[in-house]
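Working notes for the structure below.
The values are calculated or read from the model by the stated rules, or taken from the named source; none is laboratory data. The model shown is predicted, which means the values in this text are computed figures rather than measured ones. Because the Cβ atoms are built from the backbone with ideal geometry, glycine has one as well, and the counts that use them run over all protein chains shown.
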Amino acid sequence: MFGKKKTKSEQPITPEELSKLNDKQTAHPSVRKYHVRTDAADIVRLKKRRRILGIILGAVTAMLAIIFIISMLVTKWGDLVIEIDRPAVAKGISLSETKDFENKSVALSAKQALDVTNITYNWLPVDLDTSKDGEHNGDNYVAYTFYVRNDGEEAFPYDAVLDITGVAKSADEACRVMIYKNGEMSIFAKGQYDDREKAEPNSVKFIDDKTVYRTRTEDFEPGAVDKYTIVIWIEGEDPQCVDEIRDGFVRMRMLFQVDDEGATQSPFGDYYNDGEYVEDTKNYNEGQGIGTDTKPQE
């Protein structure tokens, strides 16, 4: 008995037809791109990996940008900061790291000294006030020389105040600050731990817990220049130079101001908490000024 005649679609595919079909499929762009052996699942996984890689690269780029910005801020602001208040700027006071005032400014900052250990006064160079202008830190101490000039048209008095703006692990207990003003030197230290009214040997007592030094210049004439050098170190012979202050820091700011009711503000707003003292023992690794790796002197 004869069956129904098979249509063309029901006929077995010939080897020649199968070869043509494979050639047509492999010619498709997506197949050429991902190769014939790559199936749909592999393509999806590849696209997913590329997407994740793009996200990771974007996050890393953003993180590097943030780190760069932070490093620039630290470099700009430093942790020994010299500033002029607004009224003093209006009067004509300017700052410079060099006596010729080729690059004058209303704010300067000294480079940080990190991972320092304690030293003593006798170990310091004797020419710190004359050897170099600007930042000239040495082993285990900060040294910074700068100049103040009256660029105005009249004489006036000014005050300069050096404040502690941040401290961690009580590093200020063993800190020493040596200040030269026009060649005249004095050393300052916090009052003795057991008697705050009593100065440490061979030093002048801080004015208070916050204020290290204050000076006044009368009749600062037009064109007059005052020279300052500030040196900071951890004094190994201080009784409070103990292991408990290891990894601490001290931040300081010197503000030049004139007689004016509004003369207490920094020209940079409240970036430095308007000069208020900050006791920071939790985040002391952020923005170290003069850091310490203190060990008692033997």
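Only one of the numbered conditions (1) surrounded by 15 or more Cβ atoms within 10 Å (Cβ to Cβ); (2) of a type in the set (Lys, Arg); (3) at pLDDT 95 or above is not met by Lys132, and that is (1). Selection of segment 135-159 for residues being farther than 14 Å from Leu108 by Cβ and crowded, with 16+ Cβ neighbours inside 10 Å yields Asn137, Gly138, Asn140, Tyr141, Asn150, Gly152, Phe156, Tyr158, Asp159. Just so you know, in segment 160-176 the residues that are among the small types (Gly, Ala, Ser) and buried (at least 23 other Cβ atoms within 10 Å of the Cβ) include one that is nearest to Ile82 (Cα to Cα), and it is Gly166. Taken over segment 133-182, the criterion of being out of contact with any strand residue (DSSP E or B) (no Cβ under 7 Å at 6 or more places or on another chain) and farther than 23 Å from Phe101 by Cβ is satisfied by Gly138, Asp139, Lys169, Ser170, Glu173.
Look at (1) crowded, with 21+ Cβ neighbours inside 10 Å; (2) farther than 20 Å from Val148 by Cβ; (3) in contact (Cβ under 8 Å) with a residue 60 or more places away in the chain and you find that Lys190 fails only one, number (3).
Quick one: is Ala90 at pLDDT below 75 and at negative phi? Steps first, answer last, please.
Working: at pLDDT below 75: no; at negative phi: yes.
Against the criterion (at pLDDT below 75 and at negative phi), Ala90 does not qualify.
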